[in-house]
Amino acid sequence: MCFHDIACVTLYEVKQQSRRWEFQLFVVVSLVGITLCHVYWQNYNTSWEASALPCSVPLMNAYLFSVVQSLFVILMMTDFPRREQVRGEMECIFVRPLGNMIYTWSKILGNLVLFVSVNIVVILSCLLFVHMGCVAPYRFGFYLFYVLTLSIPSFLFMTGLSLCLARLIRCRFFVLIFLLGLWVLSIVWLPYKWHGTFDFLGGGLPNLFSDVTGHVGLSNYLLHRSCYFLLGFGCLLLSVWGMRRIPNSSSRVKVYSLVGFLLILSAFVSMYAIEKSYLSVREIRSVYRDSFRHYWSETCSRVSRHEIVLQQTGDILSSCSDLTLYNPNCKVLDKLILFLNPGLHIETLLVAGKEIPFHRAGQVVEIDYALGEKDSVRLQVRYRGRIDERFSDLHLSDSIYEDSFQGNYFFPTGRRSAFVGDDYILLTPACAWYPVAIPPVNPEIPAYTGRDFTRFQLTVLHAGQKVLCSQGKAERRKDSCFFKPSNPLSGISLCGGNYELHEQRIPDLNMRFYTFKTRGNPLREVGGVRGNGIHAYLSRWIYPNKPYGWTDRDWYEKDTRTLFFMEVPLSFTTDAWQGKILTGMVEPGMVFLQEKGFGLVANGFKDETRKMAKSEYIFDCLMGCFNSPYKISFNLHPLLGMGRSVTSPYASRRLNPFRVFGLLEESGVWIQSEEYPFVGYLFDRVALNRGQYIESVSYFPPMEQHRRDSRLPYECLSGKSLYALFRDNRMRQDILYNSYLLKELELVDRISERIPLDTFFVALTDVLHPLQGLVSMDVFEQEMSSYLGKELCLKEILDDWLYTEHRQFFKVKDLCENHYPAGIVEIHKMEDFFNPTEWIELKGKVMNKGKTGGVVSVNFRGVLGEEEVLKHYSCYLEPGEAKSFYLVVEVIKNFASSAFYTGLSANEPRLFNFDVIRHEEEIKGMEAVDCIWRDIDPSEFDLADGEIIVDDKDEGFSIKDANRTWFQKWFEKPLKPRAIMGSTPSRWTPSVDIFYYGDSVRSGYFKGFGKGDYTATWRTELKMGGKYRVLARVSRYNIDGLRQLGVQNGVIYHYTVESVNGKEQISVDLDRFFQPRQWVGWVSLGEFDLPEGEVSVTLSDYDELGRDFIAVVADAVKWEKLED
């Protein structure tokens, strides 16, 4: 082999390619495009993850370069066969005695030199223009790592594949189509399928660096990159076989081809091994779920006392647990069941001082010992081993468990649930690092997860970590640490490492932030916030909405008053789930925050200059995250996320695992029931939200929005029971949470039918206050019934509430809100300031037309004197049942609102407004009347004889869009329903709103006024000829898109009434038919002699003034037969 010839070919290729327009364009796109992309993400986008870690910018830089590089490699390498056939271009090389293999590798080496050179220049440009002006920390070593492991394997793979296909197939067009398709799929689809194994760009692999634990998944990542390195190498060897140049030795070509084939085969075997590893994890997790399903019973023991002695050597734990099990049930337990991490092997197990045989099945420990009712026994368990992290989060489906993107689409962090090492240790109840009677989560139905109350004592022997934290009073003697909580807890955690402390003291609480000693860490800035500012914030925004104070919590130590905030490695993740208030990254007395706040806030920690924000701003961001029920993640993909990161967050919404203020919401009581295991969580929630039910206007259900996410909870409950939703592990937890909230409101409505809400909540508070720990459902119901002086029948209500499938819908009519003068009342203490009061009479009728029962409610809000008047009356209607309601309320004039709500029905929208009628004359003797519900005849909801209504959902309705080409009609996407707000559309657009007419769905069509080319037509068949009154349902609310925040005047609708007798055009001036503040109603088009047969009414979009910003609305038409 002549190295001089290799260098000559390489240098010649460098010169040739550097002069080609493809390479010159590549240089421009790489330098300008990638730099501008970085500038956008670091200076014009508020996302924190793109700047949080020292590896964030280098990873994005290497990925963007690999994407651009691969595109131009495809263009340049597929042109090799043509260049080799051009006379004169390669003759100076071909005359040399080079083998085809040496020739090919020399050419590839020349291109590699060019692309690596450009990569270095792009990195330098990034250092100059990005790092100098942004908050992102800088480490050059990460750039070098990603060049070697990301950019070069991507180059070699795409180079080898392009050259191989181009030389073997010899049709550049088809090769380009295939390779460009692969390139596009590797950007938009393959990273999110099959764990990113088939994405040659590596965008779907956990590929970040933690400052504490290093790379989050180095072995898997290097194996993946090696696969594509081997694939590229093998394809290059195979490409020699397709060269037209005569080889020096045909036998060598066969050897090269065989070696190339073997390399490709080994690469695919490695890919299979990667996928097999995920499959193995799935199988093991399935075994753990089966073990739970086989052994679990709601009738189980509890742990009242637990003393743990822990010693750690490397990644091995050696522990001894001394615990007391007791049986809270009214029957004997034939066997005792404990749960322990499957990686920890039991060495000895003593029951009452005697060694008892036991059976181990995964995480389950079955002990052959009978425990009598209300009896207890002492157990001593010695166990040793490594934590098996596959046991954690068994409630998650396999796809969710394996997805470590956390919704940002570019920065997968991996998933770890425990760390055990000499320098760092992190153990939480989620990994079951000590024996428990109640598993961390019920994998079958997470909402059925129970809660235990245990007095813990933890001793850590020979602790090697500089700082070690756990719940309870802490004491350190030499190299051992002792922790003893004062009160029973549901679980205990242990966290230790090389931490530094940032402390904030406020009344009743000492907030300790333990953070890593890293640069650019916003969590370290919290120490700079003034304590009085924190207390003022909490007193204004947090404390008034929480049922408990810090000092009431079980984890609260009166001596230290400490709440721990522990910074944890990047890949540590435990998801929140529906069933307990404290889930995810929050444990009693301890909160775990991912490294540098990564994944904590979607947009924050940067000020308006895109630099690190001040301490107060960072604190505000944290407080907002700590109180929100949801965590919203933005699309951070360098290409796909541009311009979309703020506008489309809802696709990645999940329950917030960092909801710290849940610590002020979980009570010290857990109501236990074998039939309804969720009841403990239920009454925690009910006690928490009592203000929402009684005092807050947020209870009044808002008008449905057209965004799909706001309708999903209702759609999930349609035709399904809450129990069915609980069992569906594929459902997004935020949707389940919202569906549960709707059901919770329904339950309160059911209870309020028997007992006034304020009375019920006073009883609930007084009954639960003296109770502590585990309380049976029977005892709780007896106490409540005794307090209220009547049977509450909670089990009957709960059974129907849990298992009822929602198939109800309601017809509502004659909703009327009459206003009558009443008198005057002083509403302010200022002199001579009076406001008149009025009587408001609400009445209406409702019928359940569905197949299951359902709840409806009347909601009213007003002001009288200086007090707010809130009224909420609910009623349960069986299928086919009809009722009327009537109530009278006195309030200050013009300070009232009312609504009728159909709950979890199939009605859309579920909110109904009352028709407001104002009377000038006072009615003497009028007085307040609580809501009265009376049975009425269901026939009142039938159409009157001779009455016909055609709605936009009926077959007789049609619309005509003018000037639509056949191409538009065939390929244009159907319009989604939207509200009449903002700009008015140029074509008929569906809409669902409270102002439309409808049966179960109140809908219509609207568009901007035009020239009369667009029409809406209602047709029907008259069975009898005669005189008919024709009416049209019209609305003028917000028809100008809220330009004038009210009603547009001078709006005229143009109708055409048609029959076999001819046509008659009718103009309807809406100002003549509607009173002020009247938005909707039936407008008479006149009385007509109509023959038997088909008749129609057509609405035109014509407007004399050409006001296309005003909407014309097509809703419904009614024909009323008049007496002859």
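Among the aliphatic types (A, V, I, L, M) and in contact with a Cys (Cβ under 8 Å, 6 or more places away or on another chain) - does that describe any residue in the range 485-500? Scanning the range 485-500 turns up at least one residue that is among the aliphatic types (A, V, I, L, M) and in contact with a Cys (Cβ under 8 Å, 6 or more places away or on another chain).
May I ask you to verify whether THR551 is of a type in the set (S, T, N, Q) and surrounded by 20 or more Cβ atoms within 10 Å (Cβ to Cβ)?
Values: of a type in the set (S, T, N, Q): yes; surrounded by 20 or more Cβ atoms within 10 Å (Cβ to Cβ): no.
Spelling it out, it is not the case that THR551 is of a type in the set (S, T, N, Q) and surrounded by 20 or more Cβ atoms within 10 Å (Cβ to Cβ).
Looking across the range 693-722 at every residue that is surrounded by fewer than 18 Cβ atoms within 10 Å (Cβ to Cβ), at pLDDT 55 or above and not in a loop (DSSP other than H, G, I, E, B), the one that is farthest from the chain's Cα centre (by Cα) is identified as SER718. Where strands (runs of 3 or more DSSP E) fall entirely within the range 768-869, those with at least 2 residues that are in contact with a Lys or Arg (Cβ under 6 Å, 6 or more places away or on another chain) and closer than 30 Å to TYR996 by Cβ are at 810-826, 834-848.
Of the residues contained in the range 822-843, one or more are found to be crowded, with 16+ Cβ neighbours inside 10 Å, under 30 Å from GLU715 (Cα atoms), among the charged types (D, E, K, R) and assigned by TED's automatic domain parsing to the domain that holds ALA928. Just wondering, is there one or more residues in the range 371-391 that are assigned to a loop (DSSP other than H, G, I, E, B), under 25 Å from ASN442 (Cα atoms) and among the aromatic types (Phe, Trp, Tyr)? Scanning the range 371-391 turns up no residue that is assigned to a loop (DSSP other than H, G, I, E, B), under 25 Å from ASN442 (Cα atoms) and among the aromatic types (Phe, Trp, Tyr). Here the range 489-509 is the region considered, the condition is being within 16 Å of VAL529 (Cα to Cα) and more than 32 Å from the chain's Cα centre (by Cα), and the residue that is surrounded by the most Cβ atoms within 10 Å (Cβ to Cβ) is ILE506.
Being assigned by TED's automatic domain parsing to the domain that holds GLN24, more than 22 Å from VAL27 (Cα to Cα) and not small (Gly, Ala, Ser) is the requirement here; does VAL175 meet it? Write out each step before concluding.
Values: assigned by TED's automatic domain parsing to the domain that holds GLN24: yes; more than 22 Å from VAL27 (Cα to Cα): yes; not small (Gly, Ala, Ser): yes.
Considered against the rule, which asks whether it is assigned by TED's automatic domain parsing to the domain that holds GLN24, more than 22 Å from VAL27 (Cα to Cα) and not small (Gly, Ala, Ser), VAL175 comes out as yes.
In the range 292-349, which residue that is part of a loop (DSSP other than H, G, I, E, B) and hydroxyl-bearing (Ser, Thr, Tyr) is surrounded by the most Cβ atoms within 10 Å (Cβ to Cβ)? Quick ask: steps written out before the conclusion?
First, pick out the residues of the range 292-349 that are part of a loop (DSSP other than H, G, I, E, B): 296-301, 314-315, 327-332, 334-335, 340-343.
Still in the running and hydroxyl-bearing (Ser, Thr, Tyr): 297, 299, 301.
On the way: SER297: 10, THR299: 12, SER301: 25.
Step by step, filter the range 292-349, then rank; the result is SER301.
Based on this model, can you work out whether TYR138 counts as hydroxyl-bearing (Ser, Thr, Tyr), part of a helix (DSSP H, G or I) and within 34 Å of the chain's Cα centre (by Cα)?
Values: hydroxyl-bearing (Ser, Thr, Tyr): yes; part of a helix (DSSP H, G or I): no; within 34 Å of the chain's Cα centre (by Cα): yes.
No.
Looking only at the range 923-940, residues that are within 27 Å of PHE995 (Cα to Cα) and either part of a loop (DSSP other than H, G, I, E, B) or not charged (D, E, K, R) (or both) come to 7 in all.
What residue, of LEU509, LEU523, LEU563, is touching a Lys or Arg at 6+ places or on another chain (Cβ under 8 Å) and more than 19 Å from GLN471 (Cα to Cα)?
Values: LEU509 fails: more than 19 Å from GLN471 (Cα to Cα); LEU563 fails: more than 19 Å from GLN471 (Cα to Cα).
So the residue among LEU509, LEU523, LEU563 that is touching a Lys or Arg at 6+ places or on another chain (Cβ under 8 Å) and more than 19 Å from GLN471 (Cα to Cα) is LEU523.
Let's see how each residue does on (1) under 30 Å from PRO137 (Cβ atoms); (2) touching a Cys at 6+ places or on another chain (Cβ under 8 Å):
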| residue | (1), (2) |
| --- | --- |
| ILE6 | no, no |
| TYR12 | no, yes |
| PHE26 | yes, no |
| LEU31 | yes, no |
| ASN43 | yes, yes |
| VAL57 | yes, yes |
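Of all the listed residues (SER539, SER493, SER486), the sole one being hydroxyl-bearing (Ser, Thr, Tyr) and under 30 Å from GLU49 (Cα atoms) is SER493.
Among the residues of the range 1108-1118, those identified as in contact with a Gly (Cβ under 8 Å, 6 or more places away or on another chain), surrounded by fewer than 24 Cβ atoms within 10 Å (Cβ to Cβ) and not aliphatic (A, V, I, L, M) are ASP1108, PHE1109. The range 1-118 holds helices (runs of 4 or more DSSP H) entirely within its bounds, and those carrying 2 or more residues that are at pLDDT below 80 map to 3-18, 80-85, 91-94.
Residues in the range 1011-1027 that are in contact with a Phe, Trp or Tyr (Cβ under 8 Å, 6 or more places away or on another chain), over 11 Å from LEU1099 (Cβ atoms) and at pLDDT below 90: LYS1011 alone.
Applying the condition of being farther than 23 Å from TYR278 by Cβ and among the acidic types (Asp, Glu) to the range 361-418 and asking which residue is surrounded by the most Cβ atoms within 10 Å (Cβ to Cβ) yields GLU366.
Among the criteria (1) under 15 Å from the mean Cα position of the chain (by Cα); (2) within 30 Å of GLY789 (Cβ to Cβ), the one THR759 does not fulfil is (1).
Scanning the range 912-922 for residues that are of a type in the set (A, V, I, L, M, F, W, C), touching a residue at least 12 places away in the same chain (Cβ under 8 Å) and farther than 28 Å from VAL992 by Cβ turns up nothing.
Looking at this structure, is THR1056 crowded, with 17+ Cβ neighbours inside 10 Å, touching a strand residue (DSSP E or B) at 6+ places or on another chain (Cβ under 6 Å) and modelled with pLDDT of 85 or more? Quick ask: steps written out before the conclusion?
Values: crowded, with 17+ Cβ neighbours inside 10 Å: no; touching a strand residue (DSSP E or B) at 6+ places or on another chain (Cβ under 6 Å): yes; modelled with pLDDT of 85 or more: yes.
No; evaluated as a whole, the condition is false for this residue.
Tallying residues that are closer than 26 Å to ASN327 by Cα, within 35 Å of the chain's Cα centre (by Cα) and surrounded by fewer than 15 Cβ atoms within 10 Å (Cβ to Cβ) within the range 762-794 yields 1.
The values are calculated or read from the model by the stated rules, or taken from the named source; none is laboratory data. Keep in mind it's a predicted model, so treat the numbers as computed, not measured. As a convention, Cβ positions derive from the backbone with ideal geometry for all residues, glycine included, and neighbour counts pool all protein chains shown.
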